[in-house]
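J.: Here's a structure for you.
The values are calculated or read from the model by the stated rules, or taken from the named source; none is laboratory data. Just so we're clear, the structure is a prediction, and the values are computed from it rather than from any experiment. Here the Cβ is made from the backbone with ideal geometry for all residues, glycine too, and neighbour counts use every protein chain on show.
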Amino acid sequence: MWWRHLVAGGVAGAVSRTCTAPLDRLKVFLQVRGKEFQSIQQCLRHMLQEGGLRSLWRGNGINIIKIAPESALKFLAYEKAKRLIKGDSNRDIGIFERFFAGSLAGSIAQTSIYPMEVLKTRLAL
């Protein structure tokens, strides 16, 4: 059943990243070219004039290629870490153990996907 965590993580990551893609592109745009604009609205207007509504999702393809495996790895690593911590006992793990499992899962996923983050940022511009 491990594959369910991979699929759930991948789909959840792809959907959430697509929904927030315009905000991510706006953030990157302002980080790189922020001095050209007086406000967020002016930057957004510029992006829309430059490429229309679809331009707000520019670079989202690589975003999905990056986030789907990252989320899938994170979900899977979290479940595996919880099982390792829990061992053979039937007890539920505590808050600090969940925190540790989540931190470990996030570290594994981010380390694996980091080169894609660089590529995503470059393509967003």
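J.: Cβ contacts < 9 Å: first residue under 19 Å from V15 (Cβ atoms), restricted to region 65-92; second residue part of a helix (DSSP H, G or I) and of a type in the set (F, W, Y), any location; separation 6+ or different chain. Result?
T.: From region 65-92, the pairs are L76/W2; L76/W3.
J.: Report those helices (runs of 4 or more DSSP H) wholly inside region 40-125 carrying at least 1 residues which are surrounded by fewer than 15 Cβ atoms within 10 Å (Cβ to Cβ) and aromatic (F, W, Y).
T.: Filter on region 40-125 gives 95-124.
J.: Condition first: of a type in the set (S, T, N, Q) and modelled with pLDDT of 90 or more. Can you find one or more residues in region 87-96 that meet it? Break it down into steps so the answer makes sense when it comes.
T.: Of region 87-96, the ones of a type in the set (S, T, N, Q) are 89-90.
Filter again for modelled with pLDDT of 90 or more, leaving none.
No; the residues of region 87-96 include none that is of a type in the set (S, T, N, Q) and modelled with pLDDT of 90 or more.
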